[in-house]
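Okay, so here's the structure we're looking at.
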Amino acid sequence: MKIRKAVIPAAGLGTRFLPVTKSVPKELLPILDKPMLQYVVEEAAEAGIEEVIIVTSPGKETIAAYFQPDPALEKHLAAGGDQDLLDRVRHVSSLAEVRFVIQEQPLGLGHAVLTAKAAVGDHPFAVMLPDDIVAHTPGALAQMTEVRTRFDAGVVAVERVPWEVVQNYGVVDAVEVEERVHRIRQLVEKPPREEAPSNLTIVGRYILPPEIFSCLERTPPGARGEIQLTDGLSLLLESQLLYAHEFQGRRYDGGTPLGLLRASLEFGLARADTRDAVADILRGLGSPAS
Ligand code: UTP
């Protein structure tokens, strides 16, 4: 069965980006000229997703505003004859059907996904974290959709990282079943390096069966009162097969200022219209702003 819906949790506090996230949602921070969230919605659309369910919170209304058409702005651009810019502005609201659910309190990623239960219904669906940006064509979700169809089971995106940093991530204990595909035995959140079962770390892309919701309902809150998606997945593993897919492409951590800076520079170097200017900037670096 085709995956039609994707849930994008965007209701977190974004504390690692404070103070800017006092008034600008992290998910709207840009890589060059587009918010991180838009890259992820584009990746969803490319994978055949028809409906995107964004989980937001009170105070993050600008996220919904971003996906609304803006007739006054469009009129202004049309009058100025800037067709290219007009097309880019219109493109945002034409990517997929976008709807919103509200997570009243930031009670964790698992809780955010659970908030979308009624909107998702009784079908397999995708979860995409908007601060994990993957640069590749086809995108990570399109690659995972293919794995899901072949194995007829849930799929979690993973990336190999150097062993020295494994303790910063969710890690899978898994058996390789074919190149780049592993059957998951267990998920371990931020294990000490010497206890890590592998260096395959979880990236924010998942294709999950609807049974995840009853698992999340049974998941007790952790130390900070948050319901973790990883804990819900561990419960799911008791009754369902889950596969880890080492997707092709580079993942950027847009959840931190330096990760976003790196993504901005590398996207700038990859894009034909900005490549030379970014290379010039990099060559000219050395006089710090004071
Ligand atoms: P993070 O773990 O990066 O949390 O969430 P955060 O609050 O955004 O950022 P920090 O850690 O305080 O800096 C990953 C994704 O899950 C969403 C976030 O909006 C982000 O897109 N999320 C997180 C929710 O929707 N609700 C939550 O309760 C927690």
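Here the label points at A279 and V175, each 7 Å from Cα along the C-beta direction, are separated by 4.9 nm in the simple model. Can you bin segment 15-81 into rounded, prolate or oblate? Criterion: square roots of the alpha carbon gyration tensor eigenvalues sorted a ≥ b ≥ c, rounded for a/c under 1.5, prolate for a/b above b/c, oblate for the rest. Here segment 15-81 falls in the oblate category. Cβ crowding within 10 Å, taken as a proxy for footprinting-reagent exposure, orders H245, H76 from fewest neighbours to most as H76, H245.
Normalised by 2.2 N^0.38 Å, where N counts its residues, the alpha-carbon radius of gyration of segment 76-172 equals 1.48. Evaluating kT/(6 pi eta Rh) at 25 °C and 0.890 mPa s, with the Kirkwood radius of segment 114-215 over Cα pairs in the Stokes-Einstein relation, gives 168 µm² s⁻¹. Taking 0.36 nm per residue of separation and subtracting the Cα-Cα distance, full extension of the segment from Q167 to A65 would add 33.0 nm. For segment 177-213, the residues whose backbone nitrogen is under 11 Å from a point 7 Å from the Cα of R160, taken along Cα to Cβ, are 180, 199-200. For V98, nonlocal amide neighbours, meaning residues 5 or more places apart or on other chains whose placed amide H falls under 5 Å from its own, are V52.
Going by a ≥ b ≥ c, the root eigenvalues of the Cα gyration tensor, does segment 176-221 fall in the rounded group (a/c under 1.5), the prolate group (a/b larger than b/c) or the oblate group? It comes out oblate by the Cα gyration axes.
Among V203, V278, V127, the residue with the largest mean-square fluctuation in a Gaussian network model of the chain, with springs joining Cα atoms closer than 10 Å, is V278. Principal axis extents of the Cα atoms in segment 137-177, from largest to smallest and rounded to whole angstrom, are 34, 25, 14. What FRET efficiency, computed as 1/(1 + (r/R0)^6) with R0 = 22 Å and r the Cβ-Cβ distance, is obtained for R99 and E211, rounded to the nearest 0.05? Efficiency, rounded to the nearest 0.05: 0.45.
Rounded to the nearest 500, the 222 nm mean residue ellipticity of the chain from helices alone is -9500 deg cm²/dmol, with -39,500 (n - 2.57) taken per DSSP H run of at least 4 residues.
Dividing the convex hull volume of the alpha-carbon atoms in the chain by its residue count gives 164 Å³ per residue. Applying 0.36 nm per residue to the separation of H136 and E74 and subtracting their alpha-carbon distance, the gain on full extension is 19.3 nm. Taking a quarter of the surface of the Cα convex hull of segment 144-290 gives a mean projected area of 12.6 nm².
Values quoted throughout were computed directly from the atomic coordinates according to the rules given, and no laboratory measurement underlies them. Because the structure is predicted, anything quoted here is derived from the model rather than measured. No Cβ is skipped: glycine too gets one built from the backbone with ideal geometry, and neighbour counts run over all protein chains shown.
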